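As structure tokens, the structure follows; a few thoughts come after it.
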Amino acid sequence: MPVKTYRDALRAAMAEEMQRDESVVLLGEDIGVYGGTHLVTNGLIDEFGPKRVIDTPISENGFTGAAIGMAMAGMKPVVEMMTWNFSFQAADQIIQNAAKLRYFSGGQVHVPLVIRGPNGGGVQLSAQHTHSLEGFYGHFPGLKVVSPVTPEDVKGMMLEAIRDPDPVIFLEAGALYGTKGEVPDGDYTVGFGKARVAREGADVTLVAYGRQVNMLLRVAEELAKEGVQAEVIDLRSIRPFDTETIIESVKKTNRAVVVQEQWRWFSVASEVAALIQEHAFDYLDAPVERVSGAEVPAPYARNLEVAAFPSEANILEAVQRVLYQESK
Amino acid sequence: MLDSEALLELYRKMVGIRLFEDAAQRGFRKGRIGGYLHMYIGQEAVATGFLESYQEGDRIITAYRDHAHALLLGATPREVMAELYGKGTGLVKGKGGSMHLFDVDNGFYGGYGIVGGHIPLGVGMAYSAAYNKENSIVQLYLGDGAIHNGAFHEAANLAGLWGKDGLNPCLFVLENNQYGMGTSVERATANTNLGSKFDSYGIEWEQVDGMDIEAVINAARKASERVRESGKPYAIEALTYRIVPHGAADFLEKYRSKEEVKKWRERDPIGLLEKKLTDAGVEDETLEKIRAEAKEKADDAVTFAEESPEPDLSELTTDVYASDMHIADAG
């Protein structure tokens, strides 16, 4: 199977769908002539022209709203948020229009829109440029929210997102744009609402999405050296949500640790913990652990930033707690 | 100059809207209509006149003062009234209410509750119309209150920009009724020449007397043709006045004087049209008959709404997603 970077897999999905379907257009800041801040759309304006790869002024509310209008009129726009941090400028459009239009129109319209861009921190961009917004957007009925981590998934989920009749919040692991993986050629989709078991194990269930999945796989390697077999679940999709895969795993392992970069309060990990106690209470041998970002705006200094996000050490400690092991 | 037959038809439409809203107001006072109820009373000539230029395939979008637009485009008084009453027979199945009327089959794309928030949508629809070479246009209605909102400025900028390449056949209809809720234009901006805001974005514009149905029709016809042919946006500021309170619950009206309202009532677009008709020799009887028919239709709509069933509870969870996926409360 060919090997591609996360970035190239993403670009391939959009380019292939644009070749197949004329109603697919891209909008965003500097996605055309400049090539995209993260080079995800690099070269596409040459292939598809400025009517389909639309460079916009810096006005997220305006162009996101315009993309919603395009979608209502039958197009399939894919909007790039240069980073998800800028999406607060467009939050009224995303939440008040895209998410609710189908409902308040009594089913008369739908909004086949994708909004994509890098989510999360880790590269010293400090408070205003560092957010993990899966809990925030996951809160709103009417939106679909996904967060792929492998290059294979990112292509298959982008194709699924563009073909989906509803608005999809596509949260990319920005820190992983350069990572490589096997990516099938041609047309395939990865459906939403189905988690991926990234590693099988019977002793403890580790749950995450986005770049924290890779962290969990490294932690699982460490645990394996000590004879602990961790099962690692990549949620892939926040809304819809795959409760079943998690519950099946917890029924087997009886212990769970949920990891996320975002703040803990009112977050995805809190939701996962609640679901586990609801559906697998009798199977639990320890309280579900949540490992989350520190409850502070993201700091700049490298050491502070590292301390603000979950680390492999934090996760190992949480695993030890659910296993009732002494910490070292 | 329109002939008296044509004027009578316009009179029928405008009186139909007026008496429909009078009936809605009574329903609101009786507690049959919940939420907000924003009346178009005094502004009827604007939507009526502009929608005379409507062609099949055009898309119409406005904010929450939307009853007239829906009715003029072909939604029946029954289904609109039933929506206000929150009934399952309503135009959007009782899911939107007064602020969210939609009738996509007749070109009506809503019905939005956040001031300014719908403006980018209209501009995007216009892009789509040009991209797909539909030869259709968007009529995008906004109030004077919305023009101070960031969404207007971002969207107008895009419209002007995309219009340079013929990619934005959008006719902005600025309904200047002098007040954003209770704040007058003078209290909202230092530049009270509201149409001039379009200058910043390379969008040409003109003003029209929004109380004079014939003037509105003429301006709208020329502007629609121009937008349709050029693919460029254009704006018309219609000077009008909401002669009733902002919402049906705004009865104190501390922000404007009784004298001012009285002065504008003299320019009530329906009164002005009546004068034109009687000057043209139309008998009072003819007008009376039209009013009686309109009253009958409004009463019929109320009866229909009163007697209609509430939405089936199974409707609570439908229409959240197009795939009709519903995420259970537990996740």
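Relative to a virtual label point 7 Å from the Cα of residue B:255 in the Cα→beta-carbon direction, which members of the range B:99-118 show backbone nitrogen distances below 19 Å?
Within reach of a label on residue B:255: B:99, B:112-118.
Tell me which chymotrypsin sites (Phe, Trp or Tyr not before Pro) from the range A:117-218 have a DSSP coil assignment and no more than 16 other beta carbons within 10 Å of their own.
In loop regions of the range A:117-218 (DSSP not H, G, I, E or B), the sparsely surrounded chymotrypsin sites (Phe, Trp or Tyr not before Pro) are A:188.
Among the lysines, select those whose C-alpha is under 20 Å from the C-alpha of residue A:251, and discard any that sit fewer than 8 residues away in the same chain.
Once the sequence-local lysines are set aside, what remains near residue A:251 is A:194.
Hey, which aspartates and glutamates would be in cross-link range of residue B:133, C-alpha to C-alpha under 15 Å, not counting anything within fewer than 8 residues on its own chain?
A:22, B:56, B:58, B:165, B:229
So what's the angle, to the nearest 10 degrees on a 0 to 90 scale, between helix A:151-163 and the longest Cα principal axis of chain A?
50
What pairs from A:180/A:225; B:13/B:263; B:13/B:297 go past 20 Å between their alpha carbons?
A:180/A:225; B:13/B:263
With a 10 Å cut-off between alpha carbons and a GNM built on chain A, which of A:193, A:227, A:120 moves the most?
Evaluated over chain A, the most mobile residue of the options is A:227.
For the range A:1-61 and the range B:217-267, what is the separation of their Cα centres, given in Å?
Using only Cα atoms, the two centres lie 42 Å from each other.
Helix A:212-225 against the longest principal axis of chain A: what's the angle in degrees, Cα atoms only, rounded to the nearest 10?
Between the helix axis and the principal axis of chain A, the angle is about 30 degrees.
Within chain B, what's the longest stretch lacking chymotrypsin sites (Phe, Trp or Tyr not before Pro) that sit in DSSP loops with no more than 16 other Cβ atoms inside 10 Å?
Formally, the longest exposed-site-free interval is B:37-250.
Where does each of A:152, A:326, A:221, B:204 land when they are ranked from fewest to most other beta-carbon atoms within 10 angstrom?
On the way: A:152 20, A:326 6, A:221 12, B:204 15.
Fewest to most other Cβ atoms nearby, the residues stand as A:326, A:221, B:204, A:152.
For peptide B:157-166, what's the mean number of Cβ atoms from other chains within 10 Å of each residue's Cβ?
Mean number of neighbouring Cβ atoms from other chains: 3.
Separation between the residue B:181 and residue B:285 pseudo-spin-labels, each 7 Å from Cα along Cα→Cβ, expressed in nm?
5.0
Quickly estimate the mean residue ellipticity at 222 nm for chain A, helices only: each DSSP H run with n ≥ 4 gives -39500 (n - 2.57), and the total goes over all residues, rounded to 500.
-10000 deg cm²/dmol
Averaged over its residues, how many other protein chain Cβ atoms are within 10 Å of peptide B:100-111's Cβ atoms?
Mean inter-chain Cβ contacts per residue within 10 Å come to 4.
Against the longest principal axis of chain A, how steep is helix A:60-72, in degrees 0 to 90 to the nearest 10, with axes from Cα atoms?
Around 80 degrees separate the two axes.
Below 14 Å, Cα to Cα, which aspartates and glutamates can residue B:262 reach? Residues fewer than 8 away in the same chain don't count.
B:253
State, to one decimal in nm, how far the label point of residue A:51 lies from the label point of residue A:323, with both points 7 Å from Cα in the Cβ direction.
That separation, rounded to one decimal, is 6.1 nm.
Spin-label point model (7 Å from Cα, Cβ direction): what's the residue B:196 to residue A:251 distance in nm?
7.2
With charges set only on the Cβ (+1 for Lys and Arg, -1 for Asp and Glu), what does the dipole of the range B:186-287 come to about its Cα centre, in debye to the nearest 20?
Roughly 480 debye for the range B:186-287.
Using DSSP, restrict attention to beta bridges with both residues in the range A:3-182 and report what percent are antiparallel, rounded to the nearest 5.
15
Here, each number is a calculation from the coordinates, and none is a lab measurement. Owing to the predicted nature of the structure, the values given are computational and were not obtained by experimental measurement. Please note: Cβ atoms are built from the backbone with ideal geometry, for glycine as well, and neighbour counts cover all protein chains shown.
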